[in-house]
Amino acid sequence: MHALPPAPQPAPRRQLFVGTGLASAAGVMLIGGMLAVWSQLRADAPTRFSERRGAIKDWMPADIVVPEVAANMMLIAFCVVCVMAQWAVYSAKRDDRQHAGMALGMTMLMGLAALNAQIFIWTQMGVGVRDGAFHSMFYALTGTMAFLVIAGLVYTAVAAFRFLGRGNSDVSIVSATALYWYFITAAFTAVWFVVYVQK
Amino acid sequence: MTSIQTQSVPESASTSSVANWFTSADHKVVGRLFIGSGFVGFLGGLVLAVLVAFERIDAEGYQLLDKGAGSQVLAAARLLLTYGGVVPMVIGLVIAVVPLQLGSRSLAFSRTAASGFWMWLTGLGLAIASIIGNGGPGGGEAEMVDLYLASTVVMYLGLGMVALSVAVTALTSRAPGMGLLRAPMFSWASLVGAVTLLMALPALIGTTIYLYVDHRYARAGFGGNYGIGDWVGWSLSQPFTYVLAIPVLGFVLDMVPVMGRTRLAQRTAGNVAVGVVGVAVITAVVHSTVTLPWEGDGFFSGIGDKIADLLPFALLNLVPLLGLLGVLATALLTLKSAKPRVAAPLAFGVLGLLMILLGAASHVLYAIEDAGLRGTIYEAGSYVAVTFGTAMLAFGAVCYWGPKLWGRTISDKAAIPLALLAFLGTVLGSIPYMIAGFADQPAGALDEFVYGGPQEFWNLLTTAGFVLTLLSALAFVALAARSFTEGDAAGDDPWDGTTLEWATSSPPPADNFSDVIVVGSDHPLADMKNNSGKVG
């Protein structure tokens, strides 16, 4: 029998952060894959003539107006979310609970603002999910994006409870939350460009 | 034989009652649940595969099935064989063994992995139920088709959660001193497989969400129920199926040196070979959703169209074959000067790897458009070789690690003939389909096809192959069930292994290791044995 030298169990190496990183990479594949299919179907759409823009793909029906201000505000809101999330990390690393709590609260608030903008876009665009390929794909893609935002809000709430509620500072979960919001911002930037700018 | 003192904690209190099987987050319990479910799913898939093959013998009409049920049975067979059989068997082994190999006390996010199992099981069950209710690809019942699409998303999500858990474990929970390239080959291959799956499944989920919303509300962009196969059929075909084999390639590279009582030759080459297969699968997934940039007109205008044609072909077909050949070469080099003991893991491992190689090599030919094999049953032959080969590797891995997980041995004398029977069944189940593909037997058709040549003979051979595989799988499951409940006690290190899973008791205690193991090389247990307990 060989006796192993006793030693304390080493702390796992930033499991939450690594897990969030991998989940974010998977999220990139999710949104990237959906945008790829979107682009493929748009490219396959027949060409029609537009008085303003000449020959264009007959993809998004001409009578649909995208509320661009709301879409742009949504993008700006996500950028602010990143700043707030990074502020939370900065404060958490210094064990400044008051500012960390405030930053996490602001992160959630701006995330909610972005979600609100998405709901505004849905109601203002007047797109019926049954009306065609563009319509159903629009809801599938933006709905998936909204789901990821809701997941981020829940994640941030859990992070806030864990960080503020525990005696010891669990900075890792705050960093992981920030990483997730960076992913969300990058993913929405791609969605914004393909769906709301390129149309 | 060497054994390492471990805390005398009972194997896991979670095995004491049925209720605890449902709630346990112990990686060994979840792993065994996956393996057991995988056995059942694989047998179910094989039964359906036999039915399908039998229907093809007489192409003038249906003998056993209703005419309308043909495509459903075909879809259910592939779904069960792949996501109901091979995937859970391989994932179960990964979950159960990887933390032990890494010297970790548990799986990272173990509750996530346990939830992943139940999500996978629920999704698979609903998918099969929807196919029975005339749903699935090409199904006629709209609500059942919707249910099929939604349930496959649940199933993929469950598998993704497990893959995340495995990848994080391999990246963060290794014993001190164990760098990634020092990790056992099975753990390395599991990491590659988990990351590949994590990158592949979201693309599949995204497309399936589109399909669901389109089918339920619009039916305008994806071809309705018949479009399902066109859009997500790649998840049940080559080269995507190689992802299932990646972890068990690591099993071959871990098991071969132990059987040969030697060290793994060209370890780095083995690492690279496994990684190459993963990279090729991710490329294939990307290719399934977008046209690769060099496939467009003019990308290589200054060099020539031939390179533009060759690059995607090489990436998707030759690169994974190269990786598989690398694994075989590493195994053969290891055994070159060794006198290996003939045991069931080696038999299943070598024969299974040969079948996967056959499947990958045959797929290269399938991918050449001028060969005229597209749309023929040739693809099914390639699929059978890869899938059944992977199942054989999983059986070998169960023979190898089963004694550790259950604490009892499985008889080599009984298992080796089953390996030979499974090999024969796989050869008969795949090669005749390939030959029939050359004769233009259409893929997906169970009747009303005529071509020159002995078409009944080829389909009869395939049916016989599937029956042999079914019998060998059934016998193996029965043997494993009996051996792991009534067999001889295995001891802690029955194979005289060199990696950490053999350093704890069989079956392992709840927390795997009572002490932290400091690793000084890629064969830590061998070091401990040589140094009489001094580690590193």
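The values are calculated or read from the model by the stated rules, or taken from the named source; none is laboratory data. Note that the coordinates shown come from a computational prediction; the quantities given were computed from them, not determined experimentally. Every residue, glycine among them, receives a Cβ derived from its backbone with ideal geometry; neighbour counts consider all protein chains shown.
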Quick check on this structure: which one of B:525, B:470 is assigned to a helix (DSSP H, G or I), within 14 Å of chain A (Cβ to nearest Cβ) and surrounded by 19 or more Cβ atoms within 10 Å (Cβ to Cβ)?
B:525
Within the range A:134-167, restricting attention to residues that are more than 15 Å from the chain's Cα centre (by Cα) and not hydrophobic (A, V, I, L, M, F, W, C), which residue is nearest to the other protein chains (Cβ to nearest Cβ)?
A:136
Report yes if some residue within the range B:501-522 is more than 14 Å from chain A (Cβ to nearest Cβ), more than 30 Å from residue B:40 (Cα to Cα) and either buried (at least 17 other Cβ atoms within 10 Å of the Cβ) or not aliphatic (A, V, I, L, M) (or both); otherwise report no.
yes
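Conditions tested, residue by residue: (1) at positive phi; (2) hydroxyl-bearing (Ser, Thr, Tyr); (3) at pLDDT below 95.
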{"residue": "B:406", "(1), (2), (3)": "no, no, yes"}
{"residue": "B:420", "(1), (2), (3)": "no, no, no"}
{"residue": "B:427", "(1), (2), (3)": "no, no, no"}
{"residue": "B:441", "(1), (2), (3)": "no, no, yes"}
{"residue": "B:451", "(1), (2), (3)": "no, yes, yes"}
{"residue": "B:467", "(1), (2), (3)": "no, no, no"}
{"residue": "B:471", "(1), (2), (3)": "no, no, no"}
Cross-chain or 6+ apart pairs with Cβ under 6 Å, the range B:330-352 first and closer than 23 Å to residue B:404 by Cα, then in a helix (DSSP H, G or I) and charged (D, E, K, R):
B:343/B:412; B:344/B:412
Name the one entry in B:59, B:49, B:53 that is touching a residue at least 24 places away in the same chain (Cβ under 8 Å), in contact with a Phe, Trp or Tyr (Cβ under 8 Å, 6 or more places away or on another chain) and not in a helix (DSSP H, G or I).
B:59
Filtering the range B:475-491 down to residues that are surrounded by fewer than 16 Cβ atoms within 10 Å (Cβ to Cβ) and touching a residue at least 60 places away in the same chain (Cβ under 8 Å), which residue is nearest to the chain's Cα centre (by Cα)?
B:485
Single unsatisfied condition, residue B:204 versus (1) over 25 Å from residue B:267 (Cβ atoms); (2) surrounded by fewer than 24 Cβ atoms within 10 Å (Cβ to Cβ); (3) within 11 Å of chain A (Cβ to nearest Cβ)
(2)
Looking for whichever is in contact with a Ser or Thr (Cβ under 7 Å, 6 or more places away or on another chain), closer than 27 Å to residue B:462 by Cβ and surrounded by 24 or more Cβ atoms within 10 Å (Cβ to Cβ) here; the options are B:100, B:74, B:124, B:81. Which one fits?
B:81
Checking residue B:209 against (1) surrounded by fewer than 22 Cβ atoms within 10 Å (Cβ to Cβ); (2) assigned to a helix (DSSP H, G or I); (3) free of Cβ contacts under 8 Å to residues at least 60 places away in the same chain; (4) not acidic (Asp, Glu), only one condition comes out false. Which one?
(1)
Condition first: closer than 14 Å to residue B:359 by Cβ and polar (S, T, N, Q). Now tell me which residues in the range B:236-267 satisfy that.
B:237, B:238, B:241
From B:92, B:84, B:103, grab the single residue that is part of a helix (DSSP H, G or I) and over 23 Å from residue B:65 (Cα atoms).
B:92
Going by what's in this entry, would residue A:42 be described as basic (Lys, Arg), closer than 27 Å to residue B:209 by Cα and either modelled with pLDDT under 85 or surrounded by 13 or more Cβ atoms within 10 Å (Cβ to Cβ) (or both)?
yes
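Is it the case, given these coordinates, that residue B:173 is modelled with pLDDT under 95, of a type outside the set (A, V, I, L, M), surrounded by 20 or more Cβ atoms within 10 Å (Cβ to Cβ) and over 19 Å from the mean Cα position of the chain (by Cα)?
yes
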Please list, ordered by first then second residue, the pairs with beta carbon atoms under 6 Å, 6 or more apart or interchain, first in the range B:95-107 and hydroxyl-bearing (Ser, Thr, Tyr), second not in a helix (DSSP H, G or I).
B:104/B:173
In the range B:160-181, anything among the hydrophobic types (A, V, I, L, M, F, W, C) and facing chain A (nearest Cβ under 7 Å) is listed as B:164, B:167, B:168, B:171
Picking from A:105, A:128, A:101, A:111, which residue would you name as being of a type outside the set (S, T, N, Q), assigned to a helix (DSSP H, G or I) and within 23 Å of residue B:206 (Cα to Cα)?
A:111
Can you tell which of B:69, B:108, B:150 is surrounded by fewer than 24 Cβ atoms within 10 Å (Cβ to Cβ) and within 13 Å of another protein chain (Cβ to nearest Cβ)?
B:150
Any chance the range B:237-253 includes a residue that's modelled with pLDDT of 80 or more and farther than 28 Å from residue B:155 by Cβ?
yes
Just wondering, is there one or more residues in the range A:120-132 that are touching a residue at least 24 places away in the same chain (Cβ under 8 Å), surrounded by fewer than 20 Cβ atoms within 10 Å (Cβ to Cβ) and farther than 25 Å from residue B:210 by Cβ?
no
